[in-house]
Amino acid sequence: MSKIKIAIIGYGNLGKSIETGLLQSDDMELFGVFTRRDPKTLETTTKGVSVYHLDEVENLKDRIDVAILCGGSMSDLPVQGPLIASLMNTVDGYDNHALINEYFNHMDEASKKAQKLSVVASGWDPGMFSINRILAEAILPVGETYTFWGEGVSQGHSDAIRRVSGVKHAVQYTVPIKSAIDAVKNGDMPTLSVKDKHKRICYVVAETGADLTKIEHDIKTMPNYFEPYETKVHFISHDELLKNHQGLPHGGLVIRYGQTGLNNEHHQMIQYQLKLDSNPDFTARVLLAYARAAYRLNKEGASGAKTIADIAPAYLINLSAEEIRKKLI
Ligand SMILES: NC(=O)c1ccc[n+]([C@@H]2O[C@H](COP(=O)([O-])OP(=O)(O)OC[C@H]3O[C@@H](n4cnc5c(N)ncnc54)[C@H](OP(=O)(O)O)[C@@H]3O)[C@@H](O)[C@H]2O)c1
């Protein structure tokens, strides 16, 4: 059987992890990497990978089954997403939670016109955490859901800081507030706003001569990303960044506390936890599973944008329905 041909659009952390993630996917193969940079300047992790300029993607669209969009959510995906979705099936990890509906509508319009399918806002949050929140609230309608992230590097927030004028490089750690986790685990069902649950710690390498006060202000007041949180900005040297902030660990926790029984006397808890040594590797594995789903659904005639809430789990795994019933049900 022929393999699903995957294109990587954008070669950053996530793009590289899709490349290596494909080595674990027997039913898929890498068609090539597309970049806005000069393709000759890109050094891929594995040998023999075809690298194209993004401008070439339209000419090659009929040879690609699914494009995995690996650009940044803040300014790459809003432009690249609808463009690529008008040509082929796509999957992305768009993670600007506040603007997901807006992005979804643009992707839906583009992919419906092209009769292709786009999986939007996949990954782990949004993504696996979203599925777990949906399942938990469907099962325990009376209760409270809590999501904690970290401690770890948020690629989306790091990317957002790197786009602030005067910033050369940056890493952002999302740090859960321990007292809030303890209160939730005690079953206190506290009312917590986003800023009660997390702090954001930023390590920034500024351009020579940049206005540090302005950079700090621009970061702290960035809507949705930083504005509601307690945010600390530390300016460091490039050497310190390379020495102490190179890894991309992350993780988090979704907890649902629910009550059942005639008088809500029974306390039930659902917990889903991720401890990730490499955020991009894990995100890539999720996007690859949804690339399989996008390919299969489109083959069945489905088109338009979908989130992971719309896709049945059987489409994700490289097993027949019979094998799933035998091994996993
Ligand atoms: N949903 C989730 O759970 C989840 C989890 C993790 C990440 N994400 C999303 O994934 C997005 C991508 O994350 P990322 O860490 O892969 O971002 P990144 O490394 O900053 O890459 C973003 C884009 O920047 C360009 N780029 C990368 N390295 C470059 C370099 N050395 N010089 C010039 N340009 C470079 C690449 O495009 P070109 O090749 O075209 O230049 C790449 O597509 C994030 O914005 C986040 O929204 C989602």
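Figures for the structure shown
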read-out: Euclidean distance between Cα centres, the stretch 84-152 to the stretch 194-210, Å; value: 26 Å
read-out: Beta bridges by DSSP in the chain, antiparallel share as percent, to the nearest 5; value: 50 percent
read-out: Descending semi-axes in whole angstrom, ellipsoid equivalent of the chain, from the Cα gyration tensor; value: 32, 30, 17
read-out: Highest average packing first - 302-308, 53-59, Cβ atoms within 10 Å; value: 302-308, 53-59
read-out: Percent breakdown of C-alpha pair distances by 10 Å bin, ordered from the shortest bin, for the stretch 214-299; value: 12, 18, 30, 24, 13, 3, 0
read-out: Mean Cα-pair separation over length for the chain, i.e. relative contact order, pairs under 8 Å, 6 or more apart, %; value: 20 percent
read-out: The stretch 143-263 - percent of accessible surface contributed by carbon and sulfur, probe 1.4 Å; value: 49 percent
read-out: Per residue, in Å², the accessible surface of the stretch 143-263 once ligands and nucleic acids are set aside, probe 1.4 Å; value: 49 Å²
read-out: Gyration tensor (Cα) of the stretch 143-263, equivalent ellipsoid semi-axes in angstrom; value: 34, 14, 10
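The values are calculated or read from the model by the stated rules, or taken from the named source; none is laboratory data. The model shown is predicted, which means the values in this text are computed figures rather than measured ones. Ideal geometry is used to build each Cβ from the backbone, glycine not excepted, and the neighbour counts take in all protein chains shown. Ligands, DNA and RNA are excluded from the accessible area calculation, which covers all protein heavy atoms including side chains. Shrake-Rupley method; radii C 1.70, N 1.55, O 1.52, S 1.80 Å.
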